[in-house]
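First up is the structure itself, then whatever we jot down about it.
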Amino acid sequence: MTPPRLAASRGPLAGLAIAIAASAALILVLGSNLTFFREDWELLVTRQDWTADSFMRPFLEHIVLAPTGIYQLLVAVFGIESALPFRVVSTAAFSLSVVLLFVWLRRRVGGWPALMGAVAIAFLGAAYEDLLWPFQIGYFGSVAAGLGMLLALDREDRRGDAIACALLVVSFSFSSLGIAFAA
């Protein structure tokens, strides 16, 4: 028989797994008839070569180093006939950020309140359209790396600090949203 405390701690994890699966499925289904959008074409057309300029040139005010590399890799593997591979990678980055948010919140407020916070983000309410566009991987990747950085800082040791530093660099490589995590 499972001890009650262990069983109670599994409830939020099971809820999170269900919410992540439902959110990812919903995002992919809602976007199934969509193709690339404005910002996607910036990475698909004007950053086709593997030069420093392609990677380091900002898009609007944002650093798009990591998204540029991801797009170039996906184009090399899958081409641009379908946006689905791009949307799957973007949705995976978003889902990872929700899981990391849950872990970070659970350490502070407990399992059930953390689940409520994570579910609220997983379905994003009125802003759900932002979840449908692959270009948002810049923000999702930045948030996921930033939350990973916060979790690494919780370790309160040198290794945690080194991991946090590396993840902060990763967060910056996805978008300028990394500035919020640096603060």
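The values are calculated or read from the model by the stated rules, or taken from the named source; none is laboratory data. Quick caveat, the model's predicted, so the values are computed rather than measured. Cβ placement follows ideal geometry from the backbone for every residue including glycine, while neighbour counts extend to all protein chains displayed.
Here are a few things to note about the model shown:
- Complete set of residues in the range 99-126 that are without any contact (Cβ under 8 Å) to a residue 40 or more places away in the chain and either surrounded by 14 or more Cβ atoms within 10 Å (Cβ to Cβ) or aliphatic (A, V, I, L, M) (or both): Leu105, Val109, Met116, Gly117, Ala120, Ile121, Leu124, Ala126
Results for (1) modelled with pLDDT of 95 or more; (2) of a type in the set (A, V, I, L, M, F, W, C); (3) more than 22 Å from Trp41 (Cα to Cα); (4) part of a loop (DSSP other than H, G, I, E, B), shown as yes or no for each residue.
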{"residue": "Ile70", "(1), (2), (3), (4)": "yes, yes, no, no"}
{"residue": "Val77", "(1), (2), (3), (4)": "yes, yes, no, no"}
{"residue": "Thr91", "(1), (2), (3), (4)": "yes, no, no, no"}
{"residue": "Ser95", "(1), (2), (3), (4)": "yes, no, yes, no"}
{"residue": "Phe102", "(1), (2), (3), (4)": "yes, yes, yes, no"}
{"residue": "Leu115", "(1), (2), (3), (4)": "yes, yes, yes, no"}
{"residue": "Ser142", "(1), (2), (3), (4)": "yes, no, no, no"}
{"residue": "Ala164", "(1), (2), (3), (4)": "yes, yes, yes, no"}
{"residue": "Leu167", "(1), (2), (3), (4)": "yes, yes, yes, no"}
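- Among (1) buried (at least 22 other Cβ atoms within 10 Å of the Cβ); (2) under 16 Å from Ala66 (Cβ atoms), the one test that Leu96 misses: (1)
- Qualifying residue in the range 21-28 (condition: within 24 Å of Gly125 (Cα to Cα) and touching a Pro at 6+ places or on another chain (Cβ under 6 Å)): no
- Scanning the range 50-68 for residues that are surrounded by 13 or more Cβ atoms within 10 Å (Cβ to Cβ) and part of a helix (DSSP H, G or I) yields Ser54, Phe55, Leu65, Ala66, Pro67, Thr68.
- Every listed requirement among (1) without any contact (Cβ under 8 Å) to a residue 60 or more places away in the chain; (2) within 21 Å of Leu132 (Cβ to Cβ); (3) in a loop (DSSP other than H, G, I, E, B) is met by Arg47 save one, (2).
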